[in-house]
Amino acid sequence: MRFEKIIGNESILKSLEDMVLADRINHALLFEGPAGIGKKYTAKVFSKSILCEDEVDKPCGICPQCKQFDSDSNPDFLFVEPIGDVIKKEQIQDLIEFLSIRPFDSKYKIALIESFDKATTEAQNAFLKTLEEGPDYGIIILLSENNKNILETVLSRVKSYYFAPIESSKIIEYLVDNYNITDKEANFYAKYSNGSIGLAIKMAKDPDFNEKRLKNLEIFHRALMGEKDFVLSEIKSFKDQDNIDLVLDMYLSWLRDLLIYKETKDRFYLYNSDLEKKLVGQSNLDYEFINYVKEKIIKLKSILKFNVNKDLALDLFFIDILEECQ
Ligand SMILES: [Zn+2]
């Protein structure tokens with residue numbers, strides 16, 4: 001676990017490293033950006049560096065602090081994540097208590113909260129005083145995919161860093177260097193992941209990814225044609241998949257391809273270029289319908305993040321599309 005291993009967002013890494021070396025560290029930081037681009041990994045390397053005993057080589061990886069950190073047992077580090085998709089007030093109260101006790105072995109005590117955008121308003125409010133006037137040794141790092149769900153009063157009390165999606169060329173290089181895949185495959189995953197290195201790695205590691213993509217796009221392609229019987233017969237196998245969010249990303253990639261092909265008539269820009277024939281065949285769908293379906297998917301993605309009846313939401317999604325086709 002080292003800064004050099006992180007891909008992309010170099011200027012943020014530089015400023016975090018400088019902070020650690022100068023020992024002038026902000027007490028409340030927020031890393032915002034899409035999923036899978038290294039926010040959590042960066043926050044962990046940063047935390048480990050702050051707690052590391054070595055004067056220069058931080059994190060050294062061999063001092064007792066680093067070793068405890070690697071085995072998830074550093075007493076001066078607390079990691080908080082949502083329980084059942086929310087961060088509750090009680091979790092923040094535990095965190096405040098953690099920070100109220102002086103550090104054990106280090107100069108600092110660090111609390112890292114994943115998906116702070118899922119904290120309830122109550123939880124966020126409980127946090128304000130600590131953000132403003134926490135102990136000198138306390139450092140709080142918040143991660144978020146969407147700052148819209150974070151109170152203004154919280155945002156104004158933290159130093160924010162925006163993590164941008166990672167450039168395709170860097171993802172390709174990383175995949176080819178680290179996984180047993182060809183340039184062509186790496187290219188495809190890089191395009192498909194939209195700058196999320198985490199997602200690109202997931203795809204590169206899954207030998208069945210392509211088969212799943214083809215099957216899912218077949219269902220979606222037929223749904224857009226209004227083939228009710230086929231879609232209803234496949235809907236169960238669709239719902240049984242564990243990563244519906246990724247499947248919905250595949251659908252979005254299909255709609256994106258349709259829009260691009262309608263505009264350019266050029267296959268070069270297509271994500272799903274291996275399915276060009278089907279895409280071309282469907283490019284007569286009108287803009288209004290494509291955008292209607294796109295909005296439905298975006299909405300579905302966001303409601304699936306909460307505790308809704310997933311099966312029902314997915315049924316309604318397909319029924320809506322099939323009805324709109326008629
Ligand atoms: Zn160390």
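The values are calculated or read from the model by the stated rules, or taken from the named source; none is laboratory data. This structure is a prediction, so every number in the text was calculated from the model and none was measured. Note that each Cβ is placed from the backbone with ideal geometry, even for glycine, and that neighbours are counted across all protein chains shown. Heads up: the accessible areas ignore ligands, DNA and RNA and are worked out on the full protein's heavy atoms, side chains in. Shrake-Rupley method; radii C 1.70, N 1.55, O 1.52, S 1.80 Å.
Quick check, is residue 149 free of Cβ contacts under 8 Å to residues at least 60 places away in the same chain, within 24 Å of residue 273 (Cα to Cα) and among the polar types (S, T, N, Q)?
Judged against the criteria, residue 149 is not a match.
Is one or more of the residues making up the range 27-35 open to solvent by 20 Å² or more (accessible area, probe 1.4 Å), in contact (Cβ under 8 Å) with a residue 60 or more places away in the chain and within 11 Å of the ligand (Cβ to nearest atom)?
Looking for residues that are open to solvent by 20 Å² or more (accessible area, probe 1.4 Å), in contact (Cβ under 8 Å) with a residue 60 or more places away in the chain and within 11 Å of the ligand (Cβ to nearest atom), one finds none in the range 27-35, hence no.
Going by what's in this entry, would residue 48 be described as surrounded by 15 or more Cβ atoms within 10 Å (Cβ to Cβ) and either part of a helix (DSSP H, G or I) or within 14 Å of the ligand (Cβ to nearest atom) (or both)?
Yes, satisfied.
Conditions tested, residue by residue: (1) of a type in the set (Phe, Trp, Tyr); (2) within 16 Å of the ligand (Cβ to nearest atom); (3) surrounded by fewer than 13 Cβ atoms within 10 Å (Cβ to Cβ).
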residue: 53; (1), (2), (3): no, yes, no
residue: 73; (1), (2), (3): no, yes, yes
residue: 80; (1), (2), (3): no, no, no
residue: 85; (1), (2), (3): no, no, yes
residue: 88; (1), (2), (3): no, no, no
residue: 92; (1), (2), (3): no, no, no
residue: 99; (1), (2), (3): no, no, no
residue: 104; (1), (2), (3): yes, yes, yes
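Please identify the pairs in which a residue from the range 2-17 that is more than 25 Å from residue 194 (Cβ to Cβ) has its Cβ atom under 9 Å from the Cβ atom of a residue that is outside any helix (DSSP H, G or I), counting only partners at least 6 apart or on another chain.
2/59; 2/61; 15/161; 17/58
What residue, among those in the range 59-71 that are closer than 24 Å to residue 98 by Cα and assigned to a loop (DSSP other than H, G, I, E, B), is nearest to the ligand (Cβ to nearest atom)?
Looking at the filtered set, the residue picked out is 63.
Determine whether the range 160-169 contains at least one residue that is part of a helix (DSSP H, G or I), small (Gly, Ala, Ser) and at negative phi.
yes
So which residues in the range 1-20 are surrounded by 14 or more Cβ atoms within 10 Å (Cβ to Cβ) and assigned to a loop (DSSP other than H, G, I, E, B)?
1, 6, 7, 8, 9 - these are the residues of the range 1-20 that are surrounded by 14 or more Cβ atoms within 10 Å (Cβ to Cβ) and assigned to a loop (DSSP other than H, G, I, E, B).
Mind checking which residues of the range 253-296 are in contact (Cβ under 8 Å) with a residue 40 or more places away in the chain and either in contact with a strand residue (DSSP E or B) (Cβ under 7 Å, 6 or more places away or on another chain) or closer than 22 Å to residue 211 by Cβ (or both)?
Those that are in contact (Cβ under 8 Å) with a residue 40 or more places away in the chain and either in contact with a strand residue (DSSP E or B) (Cβ under 7 Å, 6 or more places away or on another chain) or closer than 22 Å to residue 211 by Cβ (or both): 253, 255, 271, 272, 275, 278, 282.
Report every pair of residues separated by at least 6 positions or lying on different chains whose Cβ atoms are under 6 Å apart, first residue within the range 58-81 and within 12 Å of residue 47 (Cβ to Cβ), second within 8 Å of the ligand (Cβ to nearest atom) and assigned to a loop (DSSP other than H, G, I, E, B).
These pairs meet every condition: 58/52; 59/52; 65/52; 65/53; 66/52; 66/59; 66/60.
Kindly indicate which of 297, 321, 290 is touching a Phe, Trp or Tyr at 6+ places or on another chain (Cβ under 7 Å) and surrounded by 15 or more Cβ atoms within 10 Å (Cβ to Cβ).
Testing whether each residue is touching a Phe, Trp or Tyr at 6+ places or on another chain (Cβ under 7 Å) and surrounded by 15 or more Cβ atoms within 10 Å (Cβ to Cβ) leaves just 297.
Can you find even one residue in the range 99-106 that is in contact (Cβ under 8 Å) with a residue 24 or more places away in the chain, closer than 27 Å to residue 34 by Cα and of a type in the set (A, V, I, L, M)?
No: the range 99-106 contains no residue that is in contact (Cβ under 8 Å) with a residue 24 or more places away in the chain, closer than 27 Å to residue 34 by Cα and of a type in the set (A, V, I, L, M).
Condition (residue is of a type in the set (Phe, Trp, Tyr), part of a helix (DSSP H, G or I) and open to solvent by 30 Å² or more (accessible area, probe 1.4 Å)) applied to the range 234-252: is it met by at least one residue?
No; the residues of the range 234-252 include none that is of a type in the set (Phe, Trp, Tyr), part of a helix (DSSP H, G or I) and open to solvent by 30 Å² or more (accessible area, probe 1.4 Å).
Conditions first: (1) part of a loop (DSSP other than H, G, I, E, B); (2) surrounded by 12 or more Cβ atoms within 10 Å (Cβ to Cβ). Residue 306 passes all but one, so which condition is the exception?
(2)
When you scan the range 109-119, do you find a residue that is within 16 Å of the ligand (Cβ to nearest atom) and either open to solvent by 40 Å² or more (accessible area, probe 1.4 Å) or in contact (Cβ under 8 Å) with a residue 40 or more places away in the chain (or both), even just one?
Yes, because at least one residue in the range 109-119 is within 16 Å of the ligand (Cβ to nearest atom) and either open to solvent by 40 Å² or more (accessible area, probe 1.4 Å) or in contact (Cβ under 8 Å) with a residue 40 or more places away in the chain (or both).
Can you confirm whether residue 268 is open to solvent by 60 Å² or more (accessible area, probe 1.4 Å) and assigned to a loop (DSSP other than H, G, I, E, B)?
Taking the combined requirement at face value, the residue does not satisfy it.
Being of a type in the set (Val, Ile, Thr) and closer than 20 Å to residue 284 by Cβ is the filter here, so list the residues in the range 224-256 that pass it.
231
Determine whether residue 230 is crowded, with 16+ Cβ neighbours inside 10 Å and closer than 25 Å to residue 311 by Cα.
Considered against the rule, which asks whether it is crowded, with 16+ Cβ neighbours inside 10 Å and closer than 25 Å to residue 311 by Cα, residue 230 comes out as no.
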